[in-house]
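Here is the structure we will look at.
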Amino acid sequence: MSINRGTIVPVKTVEEQLAIILSEALNIPRQRAEKLLESKATRILRYKNIRYIVIRRDIAGHYEGTTILLDEQGGYRLIEGYPHIKRILLLKKALETHFIDKIVVEEKMDGHNTRIVRFNGELYAITRGGYICPYTTMRFKRKYGEKANTIFDELGEDTIIAGEVVGLENPYTRVYYPEAPDWDYFVFDVFTGGLNPLDVEKRRALVEDAGLRSVPLLGVINREDYEELRRILEKLERLGREGVVLKDPYYRVEPLKYTTSYINVKDIEDGMRFPFDEGHTFIFPRLLRQMFKAYEESWDEQRIEEEALRLGRALLVPALESIRKYSMGEMLGEVFELTFYSWEDLEDFVSHEAMLGVPLTILGVQEYPGILRARILKHKHTPEHYRRIFRTGLSPLD
Ligand code: ATP
Ligand code: MG
């Protein structure tokens with residue numbers, strides 16, 4: 001276009017600008033980007049003064065949960081989604097076939113996956129699904145902001161710190177850990193230049209030097225050391241912890257995960273408090289894990305009896321309890337107790353959840369000097385199903 005006096009410069013609409021950025025960021029044709037922006041595969045959201053695009057499925061080699069952060073000047077940054085970790089069913093076989101020589105055994109902590117990134121000097125905490133979580137961003141910055149900044153200063157702005165938020169005070173996964181009773185963050189990966197992981201040793205040293213915490217290191221074994229790994233797992237089993245993620249020290253092959261019998265059944269138990277929400281999708285995958293565990297570990301009669309009773313109770317007892325509660329008119333849902341440091345933080349969190357379509361009820365807020373403690377109920381779908389069943393007496397399934 002030649003520019004003369006009187007030339008009209010066509011202004012790009014916001015949609016056009018987003019399509020250009022998306023096509024560039026994902027390296028896909030413009031038309032495809034336009035279609036994606038109109039479809040459910042993407043969402044455009046706002047957090048404070050930035051906008052971002054969430055990629056909700058695997059697209060063009062990028063994982064679900066990939067996020068593109070946009071600034072007001074037209075700059076952007078693509079944050080890759082956290083890769084799926086394959087699950088082991090038969091431990092001995094997987095050790096022998098998958099790994100090369102050494103295997104780093106890291107604890108698999110049960111919380112929620114959070115990527116920490118720095119964009120234009122600001123830290124953001126991004127959930128597995130690719131959303132900036134205002135609550136997690138606030139808690140992380142308060143506890144580790146300065147420390148994390150030293151890592152970005154050292155490794156550069158295109159670094160991703162990935163870790164698990166653990167403890168009771170988060171809006172997603174409430175599991176008590178003695179070393180992290182309320183809220184803490186444990187790093188399990190540091191990526192640079194996209195998704196290139198730092199070697200385990202280097203990563204752990206970096207995290208320690210910066211003053212952050214790493215997930216526990218439970219051992220470094222050879223791939224023949226099945227028995228040693230079994231001993232590590234038996235200890236986790238006794239402590240009621242989730243399991244392990246097995247990693248090649250240099251990430252030459254992808255990590256694999258394996259969980260304890262304790263957590264396989266515990267998940268069912270938790271899920272069955274809301275049978276029509278988590279319950280029904282939880283059951284078969286966890287049963288499968290137990291089936292192969294029982295086989296591989298040659299459970300004896302006594303162990304089978306114990307496990308069968310525990311499994312049966314996990315399937316029935318919480319579900320029955322929830323039906324009884326419903327029948328007595330109690331509100332069914334999950335209650336979270338969260339800490340905020342200002343009303344603005346609380347509002348940011350509530351409006352973020354509303355934007356995602358998560359129905360919440362604030363049960364109460366207690367104010368202390370500089371701290372707010374909020375009890376928040378997340379609603380579930382299970383009560384709607386119960387309502388129909390109680391009204392008609394009929395099964396929604398068959
Ligand atoms: P996916 O199966 O897609 O990985 P999921 O939500 O089913 O996701 P999990 O079964 O919990 O995930 O297992 C993978 C997750 O485990 C990771 O995304 C991470 O959040 C968590 N995790 C906990 N500890 C570790 C660790 N030491 N190394 C890697 N991931 C860990
Ligand atoms: Mg998990």
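Report the full-extension gain for the segment Val335 to Ile44: residue separation times 0.36 nm, less the Cα-Cα distance, to one decimal in nm.
Working: separation 291, 0.36 × 291 = 104.76 nm, distance 2.84 nm.
Going from the current span to full extension adds 101.9 nm.
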Site Val317, offset 7 angstrom along Cα→Cβ, radius 16 Å on amide nitrogen, limited to segment 266-301, gives 266-274
From the Cα centre of segment 44-104 to that of segment 342-398, the distance in Å is 28
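Per the helix-only calculation at 222 nm, which mean residue ellipticity applies to the chain, given -39500 (n - 2.57) for every DSSP H run of n ≥ 4 and division by its residues, nearest 500 deg cm²/dmol? List each step's numbers first, then the result.
Numbers: 11 runs with 157 residues, N = 398.
Calculated from helices alone, the mean residue ellipticity at 222 nm is -13000 deg cm²/dmol.
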Per the rule of 0.36 nm per residue minus the C-alpha distance, extending Phe284 to Asn120 adds in nm 54.6 nm
Quick calc, Glu301 & Arg252: beta-carbon distance into FRET formula, R0 30 Å, rounding 0.05, result 0.10
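Test of the criteria: in segment 273-350, which GluC sites (Glu not before Pro) are in a DSSP loop and have at most 12 other Cβ atoms within 10 angstrom of their Cβ?
On the way: sites: Glu278, Glu296, Glu297, Glu301, Glu305, Glu306, Glu307, Glu321, Glu330, Glu334, Glu337, Glu344, Glu347; in loops: Glu297, Glu330.
In loop regions of segment 273-350 (DSSP not H, G, I, E or B), the sparsely surrounded GluC sites (Glu not before Pro) are Glu330.
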The answer for the longest stretch of the chain without any exposed trypsin sites (Lys or Arg not before Pro) (DSSP loop, at most 12 further Cβ atoms within 10 Å) is 49-251
Using alpha-carbon coordinates alone, the radius of gyration and Dmax of segment 86-259 in Å work out to 16.2, 49
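How much FRET efficiency would the formula 1/(1 + (r/R0)^6) give for Ala60 and Asp199, where r is the Cβ-Cβ distance and R0 is 45 Å, rounded to 0.05?
Working: r = 28 Å, r/R0 = 0.62.
The computed FRET efficiency comes out at 0.95.
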One point scatterer per Cα, no solvent, Debye formula: log10 I(q)/I(0) for the chain at q = 0.13, 0.15 Å⁻¹ comes out as -1.28, -1.52
Checking segment 118-219 for GluC sites (Glu not before Pro) in a loop per DSSP with at most 15 other beta-carbon atoms within 10 Å yields Glu157, Glu179
Over the chain, with neighbouring protein chains present, the accessible area per residue in Å² at probe 1.4 Å is 52
Percent antiparallel among DSSP beta bridges confined to the chain, rounded to 5, stands at 95
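What number, in percent, do you get for the relative contact order of the chain if the mean sequence gap of Cα pairs under 8 Å and at least 6 apart is divided by its residue count?
Details: 645 pairs, mean separation 51.3, N = 398.
Relative contact order here is 13 percent.
Report the extension gain between Leu356 and Asp209 in nm, rounded to one decimal, defined as 0.36 nm multiplied by the number of residues separating them, less their alpha carbon distance.
Numbers: separation 147, 0.36 × 147 = 52.92 nm, distance 3.69 nm.
The span from Leu356 to Asp209 would gain 49.2 nm if fully extended.
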Phi-derived 3J(HN,Hα) across segment 119-135 with the Karplus relation (6.51, -1.76, 1.60, θ = phi - 60°), rounded Hz, x for Gly and Pro, is 9, 6, x, 10, 8, 9, 9, 10, 6, 3, x, x, 9, 6, 9, x, 5
For segment 175-250, listing chymotrypsin sites (Phe, Trp or Tyr not before Pro) in a DSSP loop whose Cβ sees at most 13 other Cβ atoms within 10 Å gives Tyr176
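The values are calculated or read from the model by the stated rules, or taken from the named source; none is laboratory data. In this text, all values refer to a predicted model and were calculated from it rather than measured experimentally. When we count neighbours, we look across all protein chains shown, and the Cβ atoms used for this are built from the backbone with ideal geometry, even at glycine. Accessible surface is based on the protein model in full, side chains and every heavy atom, while ligands, DNA and RNA are left aside. Shrake-Rupley method; radii C 1.70, N 1.55, O 1.52, S 1.80 Å.
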